[in-house]
Amino acid sequence: MSTTTIEWTDRVWNPTRGCTKISPGCAHCYAATFANRFTGVKGNPYELGFTPRLVPEKLSEPLTWPKPAKVFVNSMSDLFHKDFPTEYIAQVVMMMAATPWHTYQVLTKRHERLHELLTEPLKPAGEMEHIWWGVSVENRRHGLPRVEALKAAPAKVRFLSVEPLLEDLGEFDLSGIHWVICGGESGHSPRNMNPDWVRRLRDQCAAARVPFFFKQWGGRNKKAAGRELDGRTHDNMPAASSAPIKSLAERKAMLAKLFPAVSNAFALPMVDTTAGSCANEACGEAK
């Protein structure tokens, strides 16, 4: 289903699937672990494992959701992977631009391509307040160059996902950054996160007046470890979009106009926001 338990978002949207590892933060990738469990399972969305591929039937999915949502774009992939054509990325961005009632959270480790495409040809999307552009930051060597590339990109809202935090990031410039998420690694063999690393990042965010969101301590049992830092949770983030959602009829018309091939080929569930129910009882997605 497209709904999710990720603390800082409401839904996930995966118009691409799969990725390849490029830095230490990828070593214990939850998405790869999940996808590879289903390699060879006929009919499963991850029958091909974690091989990068396009999923065009998912492009128009945001039009089918019953209410505005914060949307993590590609929880199971990286939109700026080298194998994904720029023309297809532009289609994904077009859908985001056309549905401003949602708030999109785009996260990547491919900072060079993010910077290149936001500079041109996707520059107009960078200026849209309902599309947030972010980079992963796991350490100084790999993560901090991503921060600088993001800051140099023409974007209205920029954020950092400092997860898994693998070392003390030290002092770095947060100017031009609008949100910071921090968290430890979870799973079977999680790497440790020192609480002082988290405190230093939290304090830097406070000094720079950047909203700070502490997602988790992680560990083998992340639920038991919890989310409290020094006796409280930290759930700050920028304001989500307040744009009103289009009516069912308007969204159907948008689907036919923007993606006629998808509209003709796939019987997507459309939601009447007045009634609050799916036309064919299938509002979600398999990630």
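The values are calculated or read from the model by the stated rules, or taken from the named source; none is laboratory data. Just so it is clear, the model here is predicted, and its values are computed rather than measured. All Cβ positions, even for glycine, are placed from backbone atoms using ideal geometry, and neighbour counts span all protein chains on display. Accessible surface areas use protein heavy atoms only, side chains included; no ligands, DNA or RNA. Shrake-Rupley method; radii C 1.70, N 1.55, O 1.52, S 1.80 Å.
Worth a mention:
- Scanning segment 204-242 for residues that are of a type outside the set (Gly, Ala, Ser), modelled with pLDDT of 95 or more and assigned to a helix (DSSP H, G or I) yields a total of 2.
For every residue, the table says whether it meets (1) within 25 Å of Asp10 (Cα to Cα); (2) open to solvent by 20 Å² or more (accessible area, probe 1.4 Å).
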| position | (1), (2) |
| --- | --- |
| Lys82 | no, yes |
| Gln91 | yes, yes |
| Ala98 | yes, yes |
| Trp101 | yes, no |
| Arg113 | no, yes |
| Pro121 | no, yes |
| Glu148 | no, yes |
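- Glu138 vs. criteria charged (D, E, K, R) and either open to solvent by less than 20 Å² (accessible area, probe 1.4 Å) or modelled with pLDDT under 95 (or both): yes
- Scanning segment 1-26 for residues that are small (Gly, Ala, Ser) and either open to solvent by 80 Å² or more (accessible area, probe 1.4 Å) or at pLDDT 95 or above (or both) yields Gly18, Ser23, Gly25.
- Test result for Leu107, in contact (Cβ under 8 Å) with a residue 12 or more places away in the chain and open to solvent by less than 10 Å² (accessible area, probe 1.4 Å): no
- Scan of segment 166-203 for residues that are among the small types (Gly, Ala, Ser), crowded, with 21+ Cβ neighbours inside 10 Å and in a loop (DSSP other than H, G, I, E, B), ordered by number: Gly184
- Evaluated against (1) closer than 15 Å to Gly25 by Cβ; (2) free of Cβ contacts under 8 Å to residues at least 60 places away in the same chain, Leu166 falls short on exactly one condition, (2).
- Close contacts from segment 246-258, counting a first residue that is at pLDDT below 95 and a second that is surrounded by fewer than 17 Cβ atoms within 10 Å (Cβ to Cβ), with Cβ to Cβ under 6 Å and a gap of 6+ residues or different chains, come to Leu248/Asp272.
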